[in-house]
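Accompanying notes for the structure given below.
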Amino acid sequence: MIAPRHILGTFDESLAALRNNVLMMAGLSERSLGRAMKGLVDRNDDLCANTIADDEEIDQLEKQIDKDGVDILLRFQPVASDLRRVVSAMKLSTNLERIGDQATTIARRARKLNQHPSLAEVELIKPMYEQAMSMFKDSVDAFAREDVDLGCAVVTRDEKLDDLNHEASRKLIERMAQDPDQLRGYLNLIFVGRCLERVGDHATNIAEDAVYAAAAQDIRHPSLTATT
Amino acid sequence: MVNVVMTTPEQSVTERIERPAQPPVSAEPAPKLTFEAKNVSIWYGEKRAIENVSLDIASNAVTAIIGPSGCGKSTFLRALNRMHELVPKTRMDGTVLLHGEDLYSKTVDPAIVRRRVGMIFQKSNPFPTMTIGENVIVGLRLNGVRNHKFLNERLEKSLRMAALWDEVKDDLHKPGTSLSGGQQQRLCIARSLAVEPEVILMDEPCSALDPIATAKIEELIHELKAKYTIVTVTHNMQQAGRISDYTAFMYLGRLIEFGPTTKIFTNPTEKQTEDYITGRFG
């Protein structure tokens, strides 16, 4: 949705800069997650190192977005949809930073796995990655396009990711019992799965914030009575 | 588990998510009303200042009226105590009920209405020839009260309610105009309280005050609503957000939207309201 121009041009500029930084941060986090997984699947240590190095840039953007958000709240005291956009942008940056952290953790685990013979069980992680990445991309799309339906749809997909994680963990634990020599490797894969499950949780948070920004509806914790 | 279900566009987002059955939530009781304005239109000569405004004002709450200059908010405020009639060639249509009683009935004396419904103006206006004490009790004196003990008691009570007593108790004999701008405004509030009104109307009461004096008036408004119904006009949206329970948005003489302040300032229903409060008007 394109809002009419604000009477204060500087407000529109500040809000646009905030939004652009959020989208840039989302792009960097997405790239890091993709590189970390490619580093794992292709056993590529360089990609893992790039992912770990890029995390600093994501962290810097998080601080910048928080600073810019507080600055907008202080200078313009936005209300209604403007207020929701600023608050949501600041909350998004926190979740994006954590997705960047999960990517870094995956890259670190991948580097450890790459020091040993490859494990066929990496295939168990791939469906989780596809599910988590698609949730992540769609949640950012929901925010960027203020698409309420897409945001709601992302929330419902988290359960499948949780199921995939439980299933992969169960199979990996079985393999640990069958092949104790590879125990560390299977353990690292379990941790990678847990990281992807957390990515899904952050994508869900982003989708919920996107819905709040677009429609002022709080869809978190639906078992609680809505207060909006 | 949450599932998105296909629904009509009219349904809210939260309604589109399946959720476990909830216990029924009892509806909040309707607030007690002080004013019921129905289809109020006011003309100044040929010019129609407000058009078919219907608005219920809840008791013991602060209602803020916002809108751009010339939208009719001050005219509507003045219609609540018939003060607009002081402008020549004024005509009014519609009804205004105060606790169910028609304020515009032929049997109602406008002077009595203005005593029941006090008003605070943008610029503080203490009587320049009177002392601080005389300013507070002038309304009672004009109504024939002569009992000194009663007047002194009411003087102290009014100044205390206006949060001014501690600052002026030793200077009651000094001119009202010797006070600072913020103190003068609180003196005017004390003067209004002295005649024990049922309602206090405020027309941009803080627009000429510094932030400290503004904060004191806002705190006072918050305290006074326990006893009085307050209706205020303000151009300061942040102030409306801070002090009011309900907000009405007017534009070009019409009431565009009215509702709880939190709703108006986070998710207004009307696009005109959204555009105005977010600074995208015109």
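The values are calculated or read from the model by the stated rules, or taken from the named source; none is laboratory data. Keep in mind the model is a prediction, meaning the values are calculated, not measured. Cβ sites come from the backbone with ideal geometry, for glycine too, and all protein chains shown count toward neighbours.
Points worth noting:
- Candidate set from region A:210-225 (those that are outside any loop (DSSP other than H, G, I, E, B) and of a type in the set (A, V, I, L, M, F, W, C)); member that is farthest from the chain's Cα centre (by Cα): A:215
- Verdict on residue A:27 being more than 14 Å from every other protein chain (Cβ to nearest Cβ) and in contact with a Cys (Cβ under 9 Å, 6 or more places away or on another chain): no
- Some residue of region A:182-203 being over 24 Å from residue A:108 (Cβ atoms) and free of Cβ contacts under 8 Å to residues at least 60 places away in the same chain: no
- Residue in region A:221-228 that is within 14 Å of chain B (Cβ to nearest Cβ), closer than 26 Å to residue A:22 by Cβ and surrounded by fewer than 14 Cβ atoms within 10 Å (Cβ to Cβ) present: yes
- Meets criteria (touching a helix residue (DSSP H, G or I) at 6+ places or on another chain (Cβ under 7 Å) and farther than 16 Å from residue B:194 by Cα) for residue B:86: no
- Selection of region A:161-187 for residues being hydrophobic (A, V, I, L, M, F, W, C) and out of contact with any helix residue (DSSP H, G or I) (no Cβ under 9 Å at 6 or more places or on another chain) yields only A:177.
- Enumeration of residues in region B:187-223 that are farther than 25 Å from residue B:128 by Cα and touching a Leu at 6+ places or on another chain (Cβ under 8 Å): B:198, B:199
- Failed item in (1) more than 14 Å from every other protein chain (Cβ to nearest Cβ); (2) over 25 Å from residue B:269 (Cα atoms); (3) exposed (fewer than 15 other Cβ atoms within 10 Å of the Cβ), with residue A:132 passing the rest: (3)
- On inspection, residue B:280 does not qualify as at pLDDT 95 or above and of a type in the set (D, E, K, R).
- Any hit, region A:58-72, residues being within 14 Å of chain B (Cβ to nearest Cβ) and of a type in the set (A, V, I, L, M, F, W, C): yes
- Taken over region A:1-36, the criterion of being free of Cβ contacts under 8 Å to residues at least 12 places away in the same chain, hydrophobic (A, V, I, L, M, F, W, C) and part of a helix (DSSP H, G or I) is satisfied by A:16 alone.
- Residues in region A:37-46 that are touching a residue at least 12 places away in the same chain (Cβ under 8 Å), surrounded by fewer than 21 Cβ atoms within 10 Å (Cβ to Cβ) and in a helix (DSSP H, G or I): A:41, A:45.
- Only one entry in A:21, A:114 is of a type in the set (S, T, N, Q) and over 22 Å from the mean Cα position of the chain (by Cα), namely A:114.
- Residue B:274 of a type in the set (Asp, Glu), surrounded by 22 or more Cβ atoms within 10 Å (Cβ to Cβ), within 14 Å of chain A (Cβ to nearest Cβ) and not in a loop (DSSP other than H, G, I, E, B): yes
- Test for residue A:167: is it part of a helix (DSSP H, G or I), within 14 Å of another protein chain (Cβ to nearest Cβ) and without any contact (Cβ under 8 Å) to a residue 60 or more places away in the chain: no
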